[in-house]
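S.K.: Take this structure, written in structure tokens, and hold onto it; I'll ask about it next.
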Amino acid sequence: MNAFKESMLKLIIETSTNLPSDVRRAIAQAQLKEEIGTRASLAFSTIATNIKMAEEGEAPICQDTGMPTFFIHCPVGANQIEMKKAIREAVAEATKLGKLRPNSVDSLTGKNSGDNLGEGTPVIHFEQWEKDYVDVRLILKGGGCENKNIQYSLPCELEGLGKAGRDLDGIRKCIMHAVYQAQGQGCSAGFIGVGIGGDRTTGYELAKEQLLRPVDDVNPNEDLRKLEEYIMENANRLAIGTMGFGGNVTLLGCKIGAMNRLPASFFVSVAYNCWAFRRLGVIIDPETGKIKEWLYKDEVSPEENPVEATSNETAKPVVLQAPITEEQIRSLKVGDVVIINGSMHTGRDALHKYLMDHDSPVDLNGQIIYHCGPVMLKDENGKWHVKAAGPTTSIREEPYQADIIKKFGIRAVIGKGGMGKKTLEGLKEFGAVYLNAIGGAAQYYAKCVKDVEGVHFLEEFGIPEAMWHLQVEGFAAIVTMDSHGNSLHADVEEISKKRLTEFAEPVFV
Ligand SMILES: O=C(O)C[C@H](O)C(=O)O
Ligand code: SF4
């Protein structure tokens, strides 16, 4: 098994940078369902460009390389202790190479371990089998979509759908609700794995295991096959759309599994995965540790790949350059496409909390805050470079954002998934906008960064949470919340809520 570590490093790099064939096909087919010129179509073509850039540059598709989760089947006699050691080394090495973002954070102290190793990370599931080879599958599932996982305990009452009982129809309602509650925040269009039964832990495990099924497979259980088909057809009628911009495609795949439960418990667990569905696998020779075969990888013809943007797709964008005036901001409205040149500053959870009762280390008056935790690498001269830099889910900053806009005179906030009422009121009162960038398009945005001017709080907060001062050029985003009280997110949520109520009548009786 000498080559096992090298094989695991290859698996990690390939998973982070090269989207599987079945996922590409699903995105390409979905793209055809959106009309050119719509926001959803624009989001898809940006995603397409990003997928290509990541593959060509062997760079992370999304900056959030998630919780590395390995599922391993091995023959009796294979040394699991050695395998685990090799995997941990490969994870640390991939992090050093900038293929994984340092993502392992001490839950009590907030300290980032820096190498993706720590209590509980990476996650490795072993299982023995009677075959004579080792099968390793890896999922890199980011935190934003992980936050949209949901578990239901039946019977229950569901918003918009009414009572969900302990039967197939109750399960149907839970899944429809799961897609609805995710809105665009988990970087829709997404994939869901559903686990019926088990206990709270094994139910979620089963849900995640469903994500290992190829997107185009057919469920051998007739009831579940019907349910999967129903969900695919109807979840897309919720009109949430890609990035929550509204549109015809909200869901790209639905896989459902069932296991036994206790008489008192009936759980439906849903694992939500963003479009950046990074999962690959390899068959390993147990003698040498070398890769014999790749899984989820076959030839994808050009027509089966998502299509990149054409030059006439966007309306004329508005150029923004910090410091931005209130007048400029007030002239923007929901739906406008903006191109940002000049400076922006990253800030996410740790920084927002900090700024509530401390001063900012740089003047933020008229400036732009980018909700982003990039992948960064330092060169031999000590200069930092951005390796991946897409937006993170903004709603987490909802308790702080309006206060911080007011306190520092910030004019624009970039993120994804939208923000809530308090922020919308803040934008109106203090003259600021919320700009939605395309979630997961980490290479697309990294290329816009022309210079890293400096960083604050690197030691304290770690790479993803630090405040990076960037110079950008041609950074495109869409105004989804303006300074006049309009929010595309609120509108889409309202429409989808209304649509959801149309699925209250029983279907599987
Ligand atoms: O942590 C990140 O960079 C993004 C996260 O996966 C998110 O979707 O919010
Ligand atoms: S930012 Fe979006 S694409 Fe990236 S991991 Fe989070 S949910 Fe997935």
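The values are calculated or read from the model by the stated rules, or taken from the named source; none is laboratory data. Bear in mind the structure is a predicted one, so any value in this text is a computation, not a measurement. Note that we place each Cβ from the backbone using ideal geometry, even for glycine, and neighbour counts take in every protein chain shown. For accessibility, only protein heavy atoms count, side chains too; no ligands or nucleic acids. Shrake-Rupley method; radii C 1.70, N 1.55, O 1.52, S 1.80 Å.
S.K.: Might you check whether a residue that is under 28 Å from MET419 (Cβ atoms) and not aromatic (Phe, Trp, Tyr) occurs anywhere in the range 215-236? Can you show your working first?
M.R.: Step one: of the range 215-236, the residues under 28 Å from MET419 (Cβ atoms) are 235-236.
From what is left, the residues that are not aromatic (Phe, Trp, Tyr) are 235-236.
Yes, because at least one residue in the range 215-236 is under 28 Å from MET419 (Cβ atoms) and not aromatic (Phe, Trp, Tyr).
S.K.: State the number of residues belonging to the range 333-355 that are under 17 Å from GLY409 (Cβ atoms) and either hydrophobic (A, V, I, L, M, F, W, C) or assigned by TED's automatic domain parsing to the domain that holds THR109 (or both).
M.R.: Counting residues in the range 333-355 that are under 17 Å from GLY409 (Cβ atoms) and either hydrophobic (A, V, I, L, M, F, W, C) or assigned by TED's automatic domain parsing to the domain that holds THR109 (or both) gives 3.
S.K.: Would you be able to tell me the number of residues in the range 284-302 that are in contact (Cβ under 8 Å) with a residue 12 or more places away in the chain, more than 19 Å from LEU211 (Cβ to Cβ) and not in a loop (DSSP other than H, G, I, E, B)?
M.R.: Looking only at that region, the number is 3.
S.K.: Then there is this: Can ILE369 be described as touching a residue at least 24 places away in the same chain (Cβ under 8 Å), away from ligand 1 (no atom under 16 Å from the Cβ) and within 17 Å of TYR434 (Cβ to Cβ)?
M.R.: no
Yes or no, residue by residue, for (1) over 23 Å from the mean Cα position of the chain (by Cα); (2) within 16 Å of ligand 1 (Cβ to nearest atom):
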{"site": "ASN112", "(1), (2)": "no, yes"}
{"site": "CYS145", "(1), (2)": "no, yes"}
{"site": "GLY162", "(1), (2)": "yes, no"}
{"site": "ILE175", "(1), (2)": "no, no"}
{"site": "ILE192", "(1), (2)": "no, yes"}
{"site": "GLY195", "(1), (2)": "no, no"}
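S.K.: Here is a follow-up. Residues ILE124, ILE72, ILE87, ILE61: which one is open to solvent by less than 10 Å² (accessible area, probe 1.4 Å) and part of a strand (DSSP E or B)?
M.R.: Sole residue among the options that is open to solvent by less than 10 Å² (accessible area, probe 1.4 Å) and part of a strand (DSSP E or B): ILE72.
S.K.: Could you please find all residues in the range 133-154 being away from ligand 2 (no atom under 16 Å from the Cβ) and either under 14 Å from ILE192 (Cβ atoms) or assigned by TED's automatic domain parsing to the domain that holds ALA264 (or both)?
M.R.: The answer is GLN151, TYR152, SER153, LEU154.
S.K.: Please find, among PRO391, PRO399, PRO374, the residue that is under 22 Å from ALA490 (Cα atoms) and within 16 Å of ligand 2 (Cβ to nearest atom). Don't jump to the end; show me each part of the working.
M.R.: Details: PRO399 fails: within 16 Å of ligand 2 (Cβ to nearest atom); PRO374 fails: under 22 Å from ALA490 (Cα atoms).
When all the criteria are applied, what remains is PRO391.
S.K.: Sticking with this structure for a sec: Any idea which of (1) away from ligand 2 (no atom under 16 Å from the Cβ); (2) under 27 Å from SER7 (Cβ atoms); (3) among the small types (Gly, Ala, Ser) is the one GLY193 doesn't satisfy?
M.R.: The one condition GLY193 does not meet is (1).
S.K.: Also, I was wondering about something else. Among the listed residues ILE329, ILE339, ILE368, identify the single one that is buried (at least 17 other Cβ atoms within 10 Å of the Cβ), at pLDDT 95 or above and more than 20 Å from ASP451 (Cβ to Cβ). Steps first, please.
M.R.: Values: ILE339 fails: more than 20 Å from ASP451 (Cβ to Cβ); ILE368 fails: more than 20 Å from ASP451 (Cβ to Cβ).
Of ILE329, ILE339, ILE368, the one residue that is buried (at least 17 other Cβ atoms within 10 Å of the Cβ), at pLDDT 95 or above and more than 20 Å from ASP451 (Cβ to Cβ) is ILE329.
S.K.: A further question follows. Assuming SER269 fulfils every condition listed in (1) more than 16 Å from ligand 2 (Cβ to nearest atom); (2) buried (at least 24 other Cβ atoms within 10 Å of the Cβ); (3) assigned to a loop (DSSP other than H, G, I, E, B) apart from one, which condition is it?
M.R.: Every condition holds for SER269 apart from (3).
S.K.: Moving on. Looking at VAL413, VAL433, which one is within 16 Å of ligand 1 (Cβ to nearest atom) and surrounded by 23 or more Cβ atoms within 10 Å (Cβ to Cβ)?
M.R.: VAL413
S.K.: Name the residues in the range 241-281 that are over 27 Å from GLY390 (Cβ atoms) and of a type in the set (Val, Ile, Thr), would you?
M.R.: ILE256, VAL268
S.K.: Taking the range 408-436, which residues are small (Gly, Ala, Ser) and either assigned by TED's automatic domain parsing to the domain that holds ASP64 or in contact (Cβ under 8 Å) with a residue 60 or more places away in the chain (or both)?
M.R.: Our first condition is that a residue be small (Gly, Ala, Ser); within the range 408-436, this holds for 409, 412, 415, 417-418, 420, 426, 431-432.
Matches in the range 408-436: ALA412, GLY417, GLY418, GLY431, ALA432.
S.K.: Continuing with the same structure: When the range 437-478 is examined, which residues are found to be under 19 Å from the mean Cα position of the chain (by Cα) and more than 28 Å from HIS489 (Cα to Cα)?
M.R.: The one that is under 19 Å from the mean Cα position of the chain (by Cα) and more than 28 Å from HIS489 (Cα to Cα): ILE463.
S.K.: Let me ask you something else. Can you find even one residue in the range 124-132 that is within 16 Å of ligand 2 (Cβ to nearest atom) and of a type in the set (Asp, Glu)? Reasoning before the result, please.
M.R.: Let us first name the residues in the range 124-132 that are within 16 Å of ligand 2 (Cβ to nearest atom), namely none.
Within the range 124-132, not a single residue is within 16 Å of ligand 2 (Cβ to nearest atom) and of a type in the set (Asp, Glu).
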